[in-house]
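A quick write-up on the structure given underneath.
Coordinate-derived values only; no laboratory data. Keep in mind that what you see is a predicted model, and the values were worked out from it rather than measured. Every residue, glycine as well, gets a Cβ built from its backbone with ideal geometry; the counts of neighbours run over all protein chains shown.
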């Protein structure tokens, strides 16, 4: 008997998968401009749940600004998972 509480995962053809990925990226971008923290978090939760249901890997991006004012985006934890992204205690 199949577990009724198990979240279903759907397989998509490559073209549909690309469209869903674009939509999820738009949803995350839209979440970043929300004035209300709860609205921002809700959009991100919805995007994460959709990604899970369509078996799409997610990556959390960290943003850093150098002393020269350059903005750098990288995966949280570093490309190789070797960076500590927790704020330093002072």
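So here's what we get for this one:
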{"item": "Mean Cβ neighbour count within 10 Å, used as a protection proxy, ranking 41-52, 9-20, 60-71 highest first", "result": "41-52, 9-20, 60-71"}
{"item": "Nearest-0.05 FRET efficiency for residue 35 and residue 13, computed from C-beta distance (R0 41 Å)", "result": "0.65"}
{"item": "Inter-label distance for residue 74 and residue 21, nm, one decimal - labels placed 7 Å from Cα along Cα-to-Cβ", "result": "2.3"}
{"item": "Computed over the range 8-58, Kirkwood Rh from alpha-carbon pairs, angstrom", "result": "11.3"}
